[in-house]
Amino acid sequence: MGSAETLDKGAKGAAQAGATMSGTRQGGIGPDEAPEVGMTLAQFSIGCEFLTATGRWRCTDVGTRTVVAIRLDLDHDPTWYEGPPYAVPEHVFDEYDIESCVPAPDAPHYDDSGRERLVSLPRG
């Protein structure tokens, strides 16, 4: 087995495990919510939304082997997601990253249960 083949298998395994480029899982879907099989390139279209281990994304371009998307965050102004050009960075998902994506439900579900515990302090 060559070193390139070993790297390919290692990258594929990391993508299937839901790891991100930084190697950490941040928010997003949990292991109980993730299906066994990820998405295929044919399931992506411009404007479709999908989930990864890091959160919710909107597809902005589909290539022959890659998908380009913007991450949808709660704290941004909705006009930031209008484009192109976009006010937020676009990220490229390769064929290994695509395997760890799942279609997003129609209505976004966000857990803001901690919001009631926020305390505003006066300045000064």
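The values are calculated or read from the model by the stated rules, or taken from the named source; none is laboratory data. Every value quoted in this text rests on a predicted model; they were computed, and no experiment measured them. Glycine gets a Cβ as well: all are built from the backbone with ideal geometry, and neighbour counts include every protein chain shown.
Quick check on my filter: what residues within region 54-84 are in contact with a Phe, Trp or Tyr (Cβ under 7 Å, 6 or more places away or on another chain) and of a type in the set (D, E, K, R)?
Within region 54-84, Arg58, Arg71 meet the criteria.
Mind checking which pairs have a first residue in region 59-73 that is farther than 14 Å from Thr40 by Cβ and a second that is among the acidic types (Asp, Glu) and surrounded by 13 or more Cβ atoms within 10 Å (Cβ to Cβ), Cβ under 7 Å, 6 or more apart or different chains?
Thr60/Glu90; Val68/Asp61; Val68/Glu90; Ala69/Glu90; Ile70/Glu90
Which pairs turn up if I take residues in region 78-90 that are among the charged types (D, E, K, R) and look for partners that are at pLDDT 85 or above with beta carbon separation below 7 Å, at least 6 apart in sequence or on another chain?
Partner pairs satisfying both residue conditions: Glu90/Thr60; Glu90/Val68; Glu90/Ala69; Glu90/Ile70.
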